[in-house]
Structures are given as C-alpha cells and as structure tokens.
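Rule-based calculations on the coordinates, nothing more; no lab input. Just so you know, these numbers come straight off a predicted model, no measurement behind them. Note that we place each Cβ from the backbone using ideal geometry, even for glycine, and neighbour counts take in every protein chain shown.
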Amino acid sequence: MAETHAHHFPDAGVQRHASLLGMWLFLSTEVLLFAGLFVAYGYYRFLFPGAFAEGSRAMHTWLGLANTVVLIASSFAVALAHHAAGAGRNRTTFWLLVAALAAGVFFLGVKAVEYVEHFRAGELPGKWFTHPGMKAPGISLFYAVYFLATGLHALHVVVGMSLLAWAAVPAWKRRYGPGNVGLVENAGLYWHLVDLVWIFLFPLLYLV
Amino acid sequence: MTDHAPHAHGSPLRYLLVFLGLLVLTVVTYVTGKMHLGGWALPLALVIASTKAGLVLAFFMHLWDTRGAPLVAMAVSLLFIVTLLALVFGDVAFRFPLARPDRMGNYEALPVGALLGDGPDGHAHPVPAKR
Amino acid sequence: MRPSETGTGSLQPDESVLTGAPSLHPSGEIFPAAHYLNAGTRLRSWLVTVDHKRIAVLYLVSTLTALFLGGLFAMAVRVELVGPEPNLVDAVGYNRLFTLHGVVMVFFFMIPAIPGIFGNFMLPLMLGAKDVAFPRLNLLSWYVYVVGAAFTLWAMLYGGADTGWTFYTPYSTITPTKVTPILLGIFVTGFSSILTGLNFIVTIHTLRGPGLTWMRLPLFAWALYGTSIIQLLATPVLGLVVLAAALGHIFAFDLFDPARGGDPVLFQHLFWFYSHPAVYIMVLPAFGVVSETVQAFGRKIIFGYRAVALATAGIAFVGFFVWGHHMFVSSQSTFDAGAFGVLTMLVGVFTAIKVFNWVGTLYKGAIVWRTPLLYVCGFLYFVVFGGMTGVAVATVSLDVHWHDTYFVVAHFHFIMVGATLMAFLAGLHYWFPKMFGRTYPEGWGMVAGALIILGFNATFVPQFLLGNMGMPRRYYTYAEQFRTLNVASTFGATLLLFGFLLVGLYLLLSLRGGKVAGPNPWGSKGFEWLTQSPPLEHNFRTQPTFHGPPHDYSTPVEENLHG
C-alpha cells in the first residue's frame, strides 16, 4: 500500500515517529493513573496488614493465576502479531489478534465469575461489606481497593480489546506491511500496558 | 530524533524466550506466594513483578531497542511514582500515633465501625462518646 | 507620529523611529484577503475545524466565558464579605459561592487558558509548522473541555457543591450538595488537559522546522513543553482521586471513610500530588508569555536563554516533589513536613532565576512602552511578592499560623491573578493583532491596565493583613475588627471588575473597528511574526527555515514574510 501522510508532517517517517511517541506519552498517563491506586493499596496495607492478608486469602488464587497466564499469553500473541504485520503476513496477524481478543474475553469472564462470588459472600467495599467471617479492621478497605483496582483494570481491558479489534481490520484487509504497522503497534502497546498492570495486581491482591 | 525503524528488533524467538521467562516467573510468584515468608513476601513479590514488567517493557514493548523520548517518559514517570510512594509512606509511617487511622487513641485493633455509627443514609456520622 | 485612521485615539509612533528599518507598517495597512478566519464561514466549518488557530479561538471564547463566570462568583463573595452580617447569602450559600469560584477559575480558566489559546495558536507558528502533531486530537480536547464544563454547569444550576474546590473527604462524601457532577466534570476536563499536553510535546519533538534546534526554541515553546509534562503526568492522579471520591459519594464505596479505617489524609496526598503541579500548569505558560513580551518590548534578546529554559524544566520537575506543603497542619508526619518544606524552597529558586533573567533583559534594552509591557511590569511586582509570600508559607512554623487564613488566599491570588492573569492579559494584547489582524486602542489599554493593577493591589494587600491578623478563610462571617480591611478589599475588587470589563469592551470593539495591524505592528522578532496577521489557514506559503534564535534584535526586522 502506498504510504500517505497527513499534510502537516514533512514525511511518513515523521508521522510514524510522532504516532509512536504520542502513544508512549499516553501510556505514561495510564501508568500514573494506576500508580495512585497502588499508593492507596500500599498505604492501607501498611496500616491494616491483617485485613489485607485475610482478604487475599479469601481470593480464588487459581482464578487469578489463570487470568495472569492468559493475559501474558495474549501479550505474547500481540507481540507476534506486530512482528507478523511488519513482515506483511496479514493473515497471521489477524488470527493472533483474534486470539488476544479471545484471551480478553476469557479474562473478563473470569473476573465476572469472581465478582459474582464476592457479591454473594458479602465481600464488598465500604458500608456494603457484610461477610460474617472476616473481622480484621480495615477489611472493607481491602475490598474498596480491590474493586477500584480491578474495576479500573477491567475497563482498560475493554478499551484494549476495542483497540485490538480496530487493529485487526487492516489485517483482514491485508493492509499491513513493512513501514505500515502503526495501528497494530500502538494497539499492542496499550495491550501490553494492560498486561503490565495485572502483573502487579495479581501478586498484590491474591498472593501476599 | 531517530526515525523509528519498525522491524529492526525482535525475532519471534526472542518473544518466545521472554514469554517462557514470564511463565516461569509467574509460577515462581505463585509458589512463593503460597509459602509463609512473613515480611519477605511483599518485597519478593514486588521484585518478581518488577522483573516481569521489565521484560514486557523491554522486549514486548521494544523499549530495549528504543532511544530517546519514550524511555525518558517511562523513567520520569517511574521517578514520580517512587516519589509519591516514598513521601506518602514517609507520612503514614512516621505519623504521630494518635493520628493514625489504625490506632485512633487506643492501642488495640479496632473493630469495624466502632467509634462512628452508620446513619440511615449509609454514611458514617459521629456518635457522641459514651464515657 | 501618525494619527490613527479610524480616530480611536491610539498613539502608535511610526515603527521606523524605533527599529531604524524601513517602515513595514504605514497606517494604510491592508487587511489580508485570505486568512484562517475567512477560510470557511459557516458554523460547521468552526465546529469541525482541525486548524489549530480556530481551535485556539474556540478556547478563547470558552475560557473567557469561564473567567467571566468565575469572576461573577468572586464578586458575589466579595459583596458578601463587605460586612460580617449576611449580605447576600447564608453560610451554605457562601460555601457554594467560593467552591464554584475556585472550581470554575482553576479548572476552566487558569489551567486551559494560556495553553489552549496562545499555545494552540502560536506554537506551530513559532516552530514553522503547519499545525500541531495531532490536529483532530486537538479538536477533541476542546470538545472534552466543553463536555466537562457542561457537567459542572449542570451542577451549578442545582446550587453546586459546598466543599471548597479541594473536595476534602469525609465532607465531600457526605455533603448533600451536588458534588458528584462537579467531580465528574473535573474528571472529564482532565482529559482535555492531558490531550493538549500530549499534543504539544509531540509537536515540539517532531515538527520543528529546519534549523530549529532545541536551544533556539522560543521560550514560550519551552514553557509549553514544561507545562505539557506536568499536564501529562499529574492529571491522571487527579482523575483517580476524583473518581474515588465520586464513587464514595455515589455508592458509599469509600476509600477515605474514617469509620472504616480510611484516611482523609490519603485523599489530600493524592489530591495535592496533582494540584500542586497544577499551579505550575497555570503559571509556567504565563512565564513563557512574559519571556516573549520582555524580549519584544525590551527590543533585546533574553538575558540568559539557557538559564530560563533549564529553569522551566526545573520547575516542571521539582514541582512534583512539594505537594505536602498544602498539608502541614493535616496531621501529616513531621518527617514529611520537613521534607516538603525544604523541597519547596528549592522550587522557588527556579522562579527567582527567571525573574533575574527577565529584569536583566529589560535592563539597558530599548524599551517600547506599550500595554503588554505595563502588564509585564505588574506581573514582575506580583510574582516577586507572591513568590516571596509563597516561601513564607512554605516555612512550616509560619504556616501553622497562616494556614486556612486570608494570608494564604492573598498569596495564591497574587500568583494566580497578579502574576498569571497579568501575563495572560499581556499575551492577549501582544498577540491580539496576530490573531485578529487589528490593533486595540493603546490609550485605553494603558488605562485598563493601570486600573487592574491598582484594583488588584486594593483587593489583595488587605487580605495579607487580614490573614496575618487571624481572619480565617471560607467563612461567610468574621469578627468585627476585620470589617475595615474587608471593605477595602471589596472596593478593590470593584475596581478590578471595571478594569476587566473595560478590557473586554475595547477588545471586542477592536475585533471589527480596530486599526488594521499589518503583519507585525510591534516589530517583534518572535518567529510567529514572520507570517501575515491574521495568518493563512495553513500558516505558511513556503516552509520557513531558522538560522538563529528568536528575538535577535541585533539585525533588522525581517521583511521576507513566509506567508
């Protein structure tokens, strides 16, 4: 496909560079967004270690593990998709992106199952916490942090999936090739970020 | 600024190795998370998670092959996050004990909602102390 | 002296007297036939524009509306405070007034105005670029601003919030007032800020014209760069904390609820981690405007370019490390109080450096005494006193006395109104001919500027005294002994109001009736003046190339326009 570029860029190379830089800058905003959450986590964990231990013990660790593995695998798929796109192998790219999307669906499904479990058990934030068995002071804070963190993360998973789906369109139309991978590259970066955040959330919420 | 060369980096083999490394580290963190390591559990988990994150950033996201602004953006972000964490901890860790949310004047652990009662609107409202 | 053709009384000496160059601007200047304002005249062409200049004008209209609204709230506050008795509103009403004053001014004027208007308009021109890096994102940033403003306006119609613009928990989670839509409005507007910052950083990195190295960048571009870094990295934390507070309010899902072990101080940490850098988002662009105007009206290149550029980066950076100075009396640990106190002293150093550089630029320059320079002089006085009182309140032991008194209120108004708003007005007058191709009446400019500077002093100097005497802020009533100074302050506010209205009036009239400016009525050697005024839709006919820094007055003003 011929390389076109917007008129205010001197050439396509500059446009690519600008697009990539823009994406990285946007990722830094996402990093700072989740940072605030990790601060809240650390703050309350320091104050209420018993509650946080109790809360993470109540998590279904193997569900979290499954989600972690699936998300890492989807990151791998997306990295490969970017590589394939650069080599012009559009069909490979397309199916790798579809695989990553399926992983996203799996992830959200597991989270939904977990959330339902939490609702049933009364493991909820703030005044809604009604689990009779967990009594450590600050336990409702653990769930406030848990739901805010995983909820925000799940929202980003949805956004990431939308970006991946959008990036799959040129693959379907056989448009990717050397020098023309911007969309799958940027979507991939976003998806890797989603994975990155979960890499931290999993041990902090489920394990320790 | 260097023009970004899209495919100078990363063969599929490299991605595979990173993926396997990530899987191994995930297993490690799961196993060590189940052990009772006391005070070491959190630092260890953070070290493992940071290593995994580093792998994703460096190789899946190609920071290893990038120069310039993206690296700086991530480095500066990290610096600000560390500052935020450090100074927030500097507050809560060294705060005057009576002002700490988990102590509140007596040195035993507090049951939930002990000093303040829930009003009909579901929010906490002060309850006069009974002494 | 050539009298103005339109008889509005402006006194504009022939530029040849000042530059020694052949006059570029005889008063029979012709308004350009084609420019960005008439490239498409339907409303739709404005609403879907991707032209950075039109987006700048959209921001101008919306932020000035916000300024007007915030100013109305301010006048209402001052009217209420003219005596200790309830004059206008009751206690809750007063709380709503100062909350809305703060919210509207901070989030809908101070933060977006200079970057959104002058940043958008001038940055590509200064870089020799045809537009910003992401023109459609630019338009999106304005629409996002409008949506956020709409949420907040809606809340205002229902009386707004009474929490103060700082929304401290736990009150903000239990207040019955309409705090949630305001929080959501702020959350949304934060994205506008992020998008603008992102756009500017990428623009400066990728769209600099040939020959334009980093150390030749106009200082306004440096200022925008520093601002953009802060917008990018600080705003997300505000987004998070505002979201958490809103969720706490709506769903009683409270991260900061003391009854369950939550800590309101955590809210304050996260809130101020954004809101302190936010004040640098407000003030750095103002510093950039001042750098441009001192060079243009001192007819001298900046004294110490590198120092100013690096000090800008220094402020952007160190500004992230000082937020706890808003929390000295919050029960924050003394360890933190000490750390923040010291770090705050450091950030003041960078601003002081810049003041020396600006004064050093004017010193032994060929001063062209015009309205923008009047505002810059006001700015210099206000930034020094505002800055010094800032260092004073950064001293923990002193702040224990001054916190939550009018001393702090006076300090930040000195910086935000005295410094930033003066710089805004300087920029507005300096760039008015660039943006609209006409000049404003210089005499009236001076009169209004003097009124504003005097009015400002009359409004806020009494407040330093009041605060030092112990008058607390955010109370609708006060002890009788504070009455006189409060009356003085309200009187000053009225002068300020007249000053602003006057500026608005003659600028509006000049849009159509002002003398045609010509491409460069000031004879400035800033890069943005290398185009016609108003500029072409695509800025340049030929790509400009750069051979040296801007504002090099050792050579004559260029006659070769690039468009």
Per residue of chain A, what 222 nm ellipticity follows from adding -39500 (n - 2.57) for every DSSP H run with n ≥ 4, rounded to the nearest 500? -27000 deg cm²/dmol
From zero outward in steps of 10 Å, how is the percent of C-alpha pairs of the range B:8-51 spread across the bins? 26, 42, 21, 10, 1
In terms of Cα to Cα distance under 24 Å, which lysines are near enough to B:Lys34, apart from those fewer than 8 places away along the same chain? A:Lys111, A:Lys135, B:Lys52
C:Ala39-A:Val116 FRET efficiency (beta carbon distance; Förster radius 56 Å; 0.05 resolution): 0.50
Across the range A:83-93, in residue order, what do the Karplus-derived ³J(HN,Hα) couplings come to in whole Hz, using 6.51 cos²θ - 1.76 cosθ + 1.60 with θ = phi - 60° and x for Gly and Pro? 4, 5, 4, x, 8, x, 8, 5, 5, 4, 3
Crossing angle, helix C:135-157 versus chain C [Cα axis fit, 0-90 degrees, rounded to tens]: 40 degrees
Only Cα pairs under 8 Å and at least 6 apart count here; give the relative contact order of chain C as a rounded whole percent. 20 percent
Give the Kirkwood hydrodynamic radius (Å, one decimal) of the range A:57-184, defined as one over the mean of 1/r across all pairs of different Cα atoms. 16.4 Å
Averaging sequence separations of C-alpha pairs under 8 Å and six or more residues apart, then dividing by the length of the range C:427-563, give the relative contact order as a whole percent. 32 percent
Among the lysines, select those whose C-alpha is under 30 Å from the C-alpha of C:Lys515, and discard any that sit fewer than 8 residues away in the same chain. C:Lys53, C:Lys130, C:Lys300, C:Lys434, C:Lys525
On C-alpha positions alone, give me the angle between the axis of helix C:52-80 and the longest principal axis of chain C, in degrees, nearest 10. 40 degrees
Using a Förster distance of 45 Å, the FRET efficiency for B:Arg67-A:Phe106 (Cβ separation, nearest 0.05): 0.80
Helix axis angle, C:305-318 relative to chain C longest principal axis, alpha carbon, degrees: 20 degrees
Per-residue Cβ counts within 10 Å, from other chains only, averaged over A:136-143: what number is that? 6
For the range A:1-67, shape from the Cα gyration tensor axes a ≥ b ≥ c, cut at a/c of 1.5 then a/b versus b/c, turns out oblate
Counting pairs of Cα atoms in chain C, how many percent are more than 39 Å apart? 24 percent
Which shape class, rounded, prolate or oblate, goes with the range C:283-322 when its Cα gyration tensor gives a ≥ b ≥ c as root eigenvalues, a/c under 1.5 marks rounded, and past that a/b bigger than b/c marks prolate? oblate
Chain A, Gaussian network, Cα under 10 Å: of A:Leu196, A:Leu25, A:Leu164, the residue fluctuating most is A:Leu25
Please give the net charge around C:Val242, taking every other residue with its beta carbon less than 15 angstrom from that of C:Val242, where Lys and Arg add +1 and Asp and Glu add -1. 0
Note: probe point = Cα of C:Val79 + 7 Å toward Cβ; backbone nitrogen < 19 Å; residues of the range C:478-502 passing the test are C:478, C:486-502
When Lys and Arg each count +1 and Asp and Glu each count -1, what net charge do the other residues less than 10 Å away from A:Leu196, Cβ to Cβ, add up to? -1
Among residues other than C:Phe303 whose Cβ falls under 12 Å from its Cβ, what is the net charge (Lys/Arg +1, Asp/Glu -1)? +4
Once you compute Rg and the Kirkwood Rh from C-alpha atoms, what is the Rg to Rh ratio for the range C:142-275? 1.11
Once C:Tyr143 and C:Met388 are pulled to full extension, the length gained, defined as 0.36 nm per residue separation minus their Cα-Cα distance, is 84.4 nm
Under a point spin-label approximation (7 Å from Cα along Cα-to-Cβ), what is the C:Ile30-A:Thr130 distance to one decimal in nm? 8.1 nm
Classified through the alpha carbon gyration tensor (a ≥ b ≥ c as square roots of its eigenvalues; rounded if a/c is under 1.5, else prolate when a/b is larger than b/c, else oblate), the protein assembly as shown comes out oblate
Pairs of alpha-carbon atoms within less than 8 angstrom and 6+ residues apart define the contacts here; what relative contact order does the range A:132-208 have, in percent? 40 percent
Additional length obtainable on full extension of the chain from C:Val349 to C:Ala150, 0.36 nm per residue less Cα span: 67.7 nm
Long-range amide H partners of C:Thr405, meaning residues 5 or more apart or on another chain whose placed amide H is closer than 5 Å, are C:Arg473
Contour minus end-to-end for C:Ile250 and C:Asn87, with contour as 0.36 nm per residue of separation and end-to-end as the Cα-Cα distance? 55.3 nm
Would you pull out the residues with amide H under 5 Å of C:Ser333's amide H, same chain only if 5 or more places away, H placed 1.01 Å from N? none
Between C:Arg306 and C:Val48, what FRET efficiency comes out of the Förster formula 1/(1 + (r/R0)^6) with R0 = 45 Å and r the beta carbon distance, rounded to 0.05? 0.60
